[in-house]
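The values are calculated or read from the model by the stated rules, or taken from the named source; none is laboratory data. Being a predicted model, the structure only gives us computed values, none of them experimental. FYI the Cβ positions are ideal-geometry reconstructions off the backbone, even for glycines, and counts take in every protein chain you see.
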């Protein structure tokens, strides 16, 4: 029997506190953080998909060149130093010392460039950044350079993009995978190692502390600063029933619930074993997404009709219920931000059924059933498709609402097939507000046809205005461009924003150190303090 097997036997018998193999710490259960995430982990390529479970997995396993702190500032992370030439056309970067992948290989500039090329072909903000970058070259093993064709303030902001798709750095051989294909090797340089052999979709995913990870010296601040890991392992445990997971948290069988049901929050507030922590003060935004490749949503008049028919309050009450945790907001780029405005949507999103019904009657719609995908395993989303179905049928649309789990929906939404051949017409999701706070980061606003996200909108005017926004440094002029953008979207919608809501985490009373961040990150957590 080899050492590893002996150690595991002793560990199970309680005769060995911990042992290390290949940079992984194996430990007793008292230093394991057990988390119930909002969904199951089935896709482990955070560039191939925008799914938040894959993004969350990415922050466990990979690292980023830059990261956003709680003040919204983009700070160096893997990067040690960087300089920008006076003309704004040359960016030079040097990686910090000690960066290693989980296979003990050093992180090099070649890995960085290959990773950014793959990300830049897939992500909306990455695509936009790459239109300014004429060349990326390695200037040494741990240094690289960008040459721009014109100045822009987009580069550092894009490299520090906090949410889907995040520019995670992978080994070059893995990053060479075409962006339309999923990777098959799961090695990063982040604070945790993915335990692939322990991964059981539908049950659990496990991550072990990477002992060779070298955090930055600065204190942790949001997603920036030193990613110091205090637990030996993190286990994402699938528990579907909301009451069951609340009971498990109260008993200490799990430590964190990422998205507790809003109707259970009053009970949790009264439980001395549970505390509610809001780590994302801007919350999230509900979003209805069209598939514009196929009828009826290839007709802008049908899409526009839903902007009139949908009432944000109906969706917010259905999904959240408690006004303490939601607000209506016609601003596409999030209420509370410097570019928040109602322009373009003044008479929309208020349930004008008569106008919407007249528009459908005057459209190209021929009565063919449209497929509305309905995720049944996400509490925060499950109540919304029935609301949409009811509204759409009242204005004259024929809706086939098809039930499925979220991960099935995530896979299906990438299909361009006709709806009757396994494709789809629409679904509802939620985006973290940090994703939708700018025309450059909002994934569903990208209207670059085949290069756009699933739904594949195609609109030259929207793209031109996004380009202008990327080039414009003046805040006042940026706001004017946002007004033009929203006006255009009101005429030819890419998606519909259905209001904002807050989603606190629920934690055991003995849990501390959670990073304040729009993205759930699991460094900093401590148990029993």
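Things worth noting here:
- Selection count where residues are under 23 Å from residue 239 (Cβ atoms), at pLDDT below 50 and in a loop (DSSP other than H, G, I, E, B), scope the range 14-49: 1
- Taken over the range 371-406, the residue count meeting the criterion of being touching a residue at least 60 places away in the same chain (Cβ under 8 Å), touching a strand residue (DSSP E or B) at 6+ places or on another chain (Cβ under 6 Å) and not in a loop (DSSP other than H, G, I, E, B) is 3.
- Filter result (in contact with a helix residue (DSSP H, G or I) (Cβ under 8 Å, 6 or more places away or on another chain) and crowded, with 23+ Cβ neighbours inside 10 Å) within the range 411-429: 424, 425, 426, 427, 428
- Condition met for residue 444 (assigned to a strand (DSSP E or B), surrounded by 18 or more Cβ atoms within 10 Å (Cβ to Cβ) and at pLDDT 95 or above): no
- Summed over the range 83-97, the residues that are exposed (fewer than 12 other Cβ atoms within 10 Å of the Cβ) and under 16 Å from residue 189 (Cα atoms) give a count of 1.
- The requirement of being surrounded by fewer than 23 Cβ atoms within 10 Å (Cβ to Cβ), in contact (Cβ under 8 Å) with a residue 40 or more places away in the chain and over 30 Å from residue 302 (Cβ atoms) is fulfilled nowhere in the range 483-496; no residue meets it.
- Hey, residue 368 touching a helix residue (DSSP H, G or I) at 6+ places or on another chain (Cβ under 9 Å), surrounded by fewer than 21 Cβ atoms within 10 Å (Cβ to Cβ) and either within 29 Å of residue 263 (Cα to Cα) or touching a residue at least 60 places away in the same chain (Cβ under 8 Å) (or both) or not: yes
- Being crowded, with 16+ Cβ neighbours inside 10 Å and not in a loop (DSSP other than H, G, I, E, B) is true of residue 264.
- Tally, over the range 421-444, of residues that are out of contact with any strand residue (DSSP E or B) (no Cβ under 9 Å at 6 or more places or on another chain) and farther than 16 Å from residue 52 by Cα: 6
- Residue in the range 445-468 that is in contact (Cβ under 8 Å) with a residue 60 or more places away in the chain, touching a strand residue (DSSP E or B) at 6+ places or on another chain (Cβ under 8 Å) and closer than 30 Å to residue 322 by Cβ present: yes
- Of the helices (runs of 4 or more DSSP H) lying entirely inside the range 269-363, those carrying at least 3 residues that are farther than 25 Å from residue 448 by Cα and in contact with a strand residue (DSSP E or B) (Cβ under 9 Å, 6 or more places away or on another chain) are 312-319.
- Scanning the range 483-506 for residues that are over 23 Å from the mean Cα position of the chain (by Cα) and part of a strand (DSSP E or B) turns up nothing.
- Of all the residues in the range 242-256, those that are out of contact with any strand residue (DSSP E or B) (no Cβ under 8 Å at 6 or more places or on another chain) and either free of Cβ contacts under 8 Å to residues at least 24 places away in the same chain or under 19 Å from residue 526 (Cα atoms) (or both) number 4.
- Filter pass, residue 303 being within 22 Å of the chain's Cα centre (by Cα) and closer than 28 Å to residue 417 by Cβ: no
- Test for residue 460: is it farther than 21 Å from residue 308 by Cα, over 25 Å from the mean Cα position of the chain (by Cα) and surrounded by fewer than 22 Cβ atoms within 10 Å (Cβ to Cβ): yes
- Residue 355 within 25 Å of residue 414 (Cβ to Cβ) and surrounded by fewer than 21 Cβ atoms within 10 Å (Cβ to Cβ): no
- Residue 493 vs. criteria modelled with pLDDT under 95, out of contact with any strand residue (DSSP E or B) (no Cβ under 6 Å at 6 or more places or on another chain) and farther than 30 Å from residue 34 by Cα: no
- Here the condition is being at pLDDT 95 or above, crowded, with 22+ Cβ neighbours inside 10 Å and closer than 29 Å to residue 439 by Cα; of 134, 115, it holds for 115 alone.
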